[in-house]
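Enquirer: Pasting a structure here, questions to come.
The values are calculated or read from the model by the stated rules, or taken from the named source; none is laboratory data. Since this is a predicted model, take the numbers as computed values, not measurements. FYI the Cβ positions are ideal-geometry reconstructions off the backbone, even for glycines, and counts take in every protein chain you see. For the accessible areas, the whole protein counts, side chains as well, though only heavy atoms, and no ligand, DNA or RNA atoms are used. Shrake-Rupley method; radii C 1.70, N 1.55, O 1.52, S 1.80 Å.
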Amino acid sequence: MRSTYGVLHLCVVAPCYNEGAVIESFYVELTAALSSLECIRTSIVFVDDGSSDATLQILNRIAEKDATVQVLSLSRNFGHQIALTAGLDFADADAVLIMDSDLQHPPKLIPQMVRHWLEGYHVVLGVRREAADASFLKRRTSAGFYALFNLLGDVKLVAGAADFCLLSRPVRDALLRMPERHRVLRGMISWVGFSRVTVPYDAAARPAGESKYTLARMWRMAVDAVLSFSSAPIRMALRAGLGVLLLAFAYFAYTIYTVLFNGATVKGWASIVTLILALGGAQLVFIGLIGEYLGRVYEEGKRRPLYFLKQRPEAAAKPATEASYWSHVSSKS
Ligand code: UDP
Ligand code: MG
C-alpha cells in the first residue's frame, strides 16, 4: 500500500455544484482536519459539476494559493455520481476519501476513518445516524429506498451510507474498471467487495445553499439503483404473469362449471371488465419495466464518454486505469 516515497498519500474528492456560499468554509474545515493527520501526505480534488454560480472561481482562487488542491471542471452539470467518478479518475493516491462539499459530511471524522484504513480496511463507510435538516418525507423515502433495495438488490447497502467514504487504491481502481453509465457508487462499492468497516456520524444541517437532490432526482437515483443491481423486477413480471394466467384458468373452469351444472347464464359484465383492466394494467407495468432494462442496454451500448472536462489541473496524470481512459476528453478549455 506504500507509495513511491514511503509516505502514504490520501486524496479527498469533493464534488461541488453551486456551492459558492459554503465552499470556502468547507475548505477551511477540511484543511484543518487534514493537517491533524501525521505522516500522511494529503491532497484535495475539487470537481466543479458545471456550477452556474461563483463556485469555480472560488475553487480556482483556492488552488492558486494551495498547491495540494486540484480543480476539475465538468463541461456541464453531469450529476453527483459522475462528478465523483471524474474525481476518482484523477485522485491517484493510496486512498481516496469522497465527501460532499456542503459540510454535511463532517471533516472531523476523517482522522478516525484514516485510522481504520491504516488498520487494513479497504472501505471505510461514514454512516449517517440522523440528518439534522432532513424533512420527514426525505427520511421516510430514504428508509424506504434502503429497505426496497436490500429486498430486491443482488448486493446489500448499509442504510445511511451515502457517498461519504474512504476507499483504498485497489477499491478505487476496481470502481474505475466499471464503465457503466447509470452509476450508483454506493451500490458499486458494495458490489466490488473488500474488507469494510462503518463509522457512524450525525449529519449537520446545511450551513448555506440548498439541496440539489429534489424528489425527482432521488426517484431517478432509486430507480437507477434498483435496476442496476437487480433483475428481480423483471423476474417478478414472469411470476406475476404466470400467477395471473393460473387465476384465469381457474376462473374459466369455474365459469364452465356454473354453466353446465347451475345452468347460470352469463352475467358478470363488471367482473369481465375488471379482469380486462387488471390484465391490461399488469401488462403495461411490465412492458414498462422491460422498457427500462432495454433502455439501459441501449445506453450502455452507445458507450459514450461519461463526462467532458472544460478545465483540468496542469500537472494531472492521465486517468489511472485503462478501462476509464475512454471516458475522458483530456482537452483544456
Ligand atoms: N452535487 C453535484 N452535482 C449535482 C448535485 C449535487 O456535484 O448535480 C454535489 C453537491 O455540491 C454536494 C453533494 O453533491 O457536495 C451532495 O448534494 P446535496 O447536498 O445537494 O444532496 P443532499 O445532501 O441534500 O442529499
Ligand atoms: Mg447535502
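Enquirer: Kindly indicate the residue of the stretch 50-60 that is assigned to a helix (DSSP H, G or I) and either closer than 16 Å to VAL13 by Cα or within 16 Å of ligand 2 (Cβ to nearest atom) (or both) and also most open to solvent (accessible area, probe 1.4 Å) among those meeting that condition.
Expert: My answer is ASN60.
Enquirer: Also: Cβ-Cβ distance below 6 Å, separation of 6 or more or different chains: which pairs start in the stretch 208-227 with a residue that is over 16 Å from ASN77 (Cα atoms) and open to solvent by less than 60 Å² (accessible area, probe 1.4 Å) and end on one that is away from ligand 1 (no atom under 13 Å from the Cβ) and of a type in the set (Val, Ile, Thr)?
Expert: ASP224/VAL184; ALA225/VAL184
Enquirer: Which residue, of VAL226, VAL197, is of a type outside the set (Gly, Ala, Ser), closer than 30 Å to TYR121 by Cβ, modelled with pLDDT of 75 or more and in a helix (DSSP H, G or I)? First the steps, then the outcome.
Expert: Numbers: VAL197 fails: in a helix (DSSP H, G or I).
Criteria check complete, one pass: VAL226.
Enquirer: Let me ask another. Tell me which residues, restricted to the stretch 95-131, are touching a Ser or Thr at 6+ places or on another chain (Cβ under 8 Å), of a type in the set (Val, Ile, Thr) and within 16 Å of ligand 2 (Cβ to nearest atom).
Expert: VAL127
Enquirer: Among the candidates VAL13, VAL96, VAL47, VAL28, which residue alone is open to solvent by 30 Å² or more (accessible area, probe 1.4 Å) and modelled with pLDDT of 95 or more?
Expert: Values: VAL13 fails: open to solvent by 30 Å² or more (accessible area, probe 1.4 Å); VAL96 fails: open to solvent by 30 Å² or more (accessible area, probe 1.4 Å); VAL47 fails: open to solvent by 30 Å² or more (accessible area, probe 1.4 Å).
Matching residue, one of VAL13, VAL96, VAL47, VAL28: VAL28.
Enquirer: Let me ask another. Which residue, of LEU109, LEU137, LEU125, is in a strand (DSSP E or B) and either open to solvent by less than 20 Å² (accessible area, probe 1.4 Å) or among the hydrophobic types (A, V, I, L, M, F, W, C) (or both)?
Expert: Values: LEU109 fails: in a strand (DSSP E or B); LEU137 fails: in a strand (DSSP E or B).
Exactly one of LEU109, LEU137, LEU125 is in a strand (DSSP E or B) and either open to solvent by less than 20 Å² (accessible area, probe 1.4 Å) or among the hydrophobic types (A, V, I, L, M, F, W, C) (or both), namely LEU125.
Enquirer: Quick one: what pairs do we get from the stretch 97-109, first residue touching a residue at least 24 places away in the same chain (Cβ under 8 Å), second surrounded by fewer than 22 Cβ atoms within 10 Å (Cβ to Cβ) and hydroxyl-bearing (Ser, Thr, Tyr), C-beta under 7 Å, 6+ apart or different chains?
Expert: Note: pairs meeting the criteria are LEU103/SER25; PRO106/TYR201; LEU109/TYR201.
Enquirer: Would you say SER35 is crowded, with 21+ Cβ neighbours inside 10 Å and either more than 25 Å from the chain's Cα centre (by Cα) or at pLDDT below 95 (or both)?
Expert: Taking the combined requirement at face value, the residue does not satisfy it.
Enquirer: Give the residues of the stretch 159-194 that are in a loop (DSSP other than H, G, I, E, B), open to solvent by 20 Å² or more (accessible area, probe 1.4 Å) and either within 20 Å of GLY120 (Cα to Cα) or polar (S, T, N, Q) (or both), sorted by residue number.
Expert: Within the stretch 159-194, GLY193, PHE194 qualify.
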